[in-house]
1. Consider V293 carefully, then state whether it is modelled with pLDDT under 95, more than 24 Å from K84 (Cα to Cα) and among the hydrophobic types (A, V, I, L, M, F, W, C).
2. Find the strands (runs of 3 or more DSSP E) located wholly in the range 165-236 whose residues include 3 or more that are at pLDDT below 90, over 17 Å from the mean Cα position of the chain (by Cα) and surrounded by fewer than 18 Cβ atoms within 10 Å (Cβ to Cβ), and list them.
3. So the check is Cβ under 6 Å with 6+ separation or different chains; which pairs have a first residue in the range 220-249 that's in the same structural domain as L264 (by TED's automatic domain parsing) and a second one that's hydrophobic (A, V, I, L, M, F, W, C) and surrounded by fewer than 15 Cβ atoms within 10 Å (Cβ to Cβ)?
4. When you check K250 against the structure, is it among the basic types (K, R) and either assigned to a loop (DSSP other than H, G, I, E, B) or under 21 Å from G159 (Cα atoms) (or both), yes or no?
5. I'd like to check something: does the range 142-150 contain any residue that is buried (at least 23 other Cβ atoms within 10 Å of the Cβ) and at pLDDT 95 or above?
6. Here's a check for you: in the range 262-294, which residue that is among the small types (G, A, S) and under 22 Å from N203 (Cβ atoms) is surrounded by the fewest Cβ atoms within 10 Å (Cβ to Cβ)?
7. Does any residue of the range 254-265 turn out to be part of a helix (DSSP H, G or I), at pLDDT 95 or above and assigned by TED's automatic domain parsing to the domain that holds V235?
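The values are calculated or read from the model by the stated rules, or taken from the named source; none is laboratory data. Note that the coordinates shown come from a computational prediction; the quantities given were computed from them, not determined experimentally. Here the Cβ positions follow ideal geometry from the backbone for every residue, glycine too, while neighbour counts run over all protein chains shown.
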Amino acid sequence: MSLESQITALVSAASKLTSEVANKMSGIDQKVDQATEAVPEAVAKLSDRIICVDAVNGSDANSGDDFNSAKRTIPGALNDLPAKINIELRLAASQTHVLDAVAQMKGSSILARSYYTTSSMGIALRSGDDADRATIVQSGISISDGATRAANFRPGFGGVFWCVQLNFETATLTSDSDGTRVEPWQCGLFPSISSTFVFLSQNIGIKINSTPFSHVHASGSIGKGDYYITNSDVVISDLATLPSSAADQKLISNNGSDSIPFDLFVVNSTLAGAADWSNVVSANTDNVTTNLVF
């Protein structure tokens with residue numbers, strides 16, 4: 001082969017290689033573009049979630065994106081989500097949603113509400129639909145030393161729990177002779193240990209059995225909540241009707257006696273089973289901002 005032919009062949013091979021590299025780069029660029037477009041969509045989907053929960057027909061293996069693919073439990077709906085996102089928790093109406101494991105809020109903002117399941121995304125209960133509210137019932141769970149505590153929501157730092165047209169019922173522990181614990185940081189429905197959070201409610205019912213609704217953690221892992229309760233009913237169960245004499249029947253209990261500042265506003269709400277609101281708050285109220293009289 002002449003030198004001229006060799007040069008021509010080399011130029012042709014180089015041109016072919018350049019074309020192949022260009023095609024490869026174009027393919028890589030296309031995949032990068034696709035990934036770049038997909039990541040924000042995926043992040044957005046995780047960052048602003050609607051999760052539907054049906055305690056009868058759901059499964060925690062489902063996505064929870066609608067009531068046709070609903071989760072079964074509240075922990076199953078929350079615990080795999082990333083921290084500090086916005087979540088709308090739609091609970092199937094007229095159902096009892098047993099909280100039998102810890103539900104991790106991870107500092108997220110959660111709107112929890114009862115929904116009729118007559119459409120895939122549900123229809124929210126309105127004022128006057130009180131009889132159809134979903135009810136979150138706290139359950140006792142065993143811990144490593146054989147004692148019992150109650151499952152609960154763990155708010156985390158900066159968490160917000162806003163609830164509309166829901167009922168809550170704290171745990172009924174069966175005995176105080178087997179190491180059962182009623183300390184608020186172990187058994188409160190919304191314990192504040194290592195947490196700062198805001199609880200807001202509108203048109204809810206709270207039934208307090210053996211365990212407190214929430215507490216101020218004024219020693220050790222300091223934490224506290226701020227509470228804004230509107231158009232709601234709080235009922236303190238008759239202790240004589242409960243299977244255990246060990247109980248901490250407080251709306252806001254305490255762990256430690258230091259005066260941690262917190263907010264407590266109760267508007268257009270009723271209390272049954274206690275003389276007044278001061279009887280259901282055992283936290284130190286020296287630095288509380290409130291519309292109640294203690």
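1. yes
2. The strands (runs of 3 or more DSSP E) meeting that bar number zero.
3. Cβ pairs passing all conditions: T230/V267; V235/A272; A247/L239.
4. yes
5. For the range 142-150, residues buried (at least 23 other Cβ atoms within 10 Å of the Cβ) and at pLDDT 95 or above: absent.
6. Narrowing the range 262-294 to residues among the small types (G, A, S): 269, 272-275, 278, 282-283.
If we keep only those that are under 22 Å from N203 (Cβ atoms) as well, we get 269, 272-274.
Values: S269: 16, A272: 10, G273: 15, A274: 17.
It comes out as A272.
7. So far as the range 254-265 goes, no, none of its residues is part of a helix (DSSP H, G or I), at pLDDT 95 or above and assigned by TED's automatic domain parsing to the domain that holds V235.
For (1) assigned to a loop (DSSP other than H, G, I, E, B); (2) within 18 Å of V137 (Cα to Cα); (3) among the acidic types (D, E), each residue gets a yes or a no:
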| site | (1), (2), (3) |
| --- | --- |
| N68 | no, no, no |
| G76 | no, yes, no |
| L81 | yes, no, no |
| L89 | no, yes, no |
| A101 | yes, yes, no |
| G107 | yes, no, no |
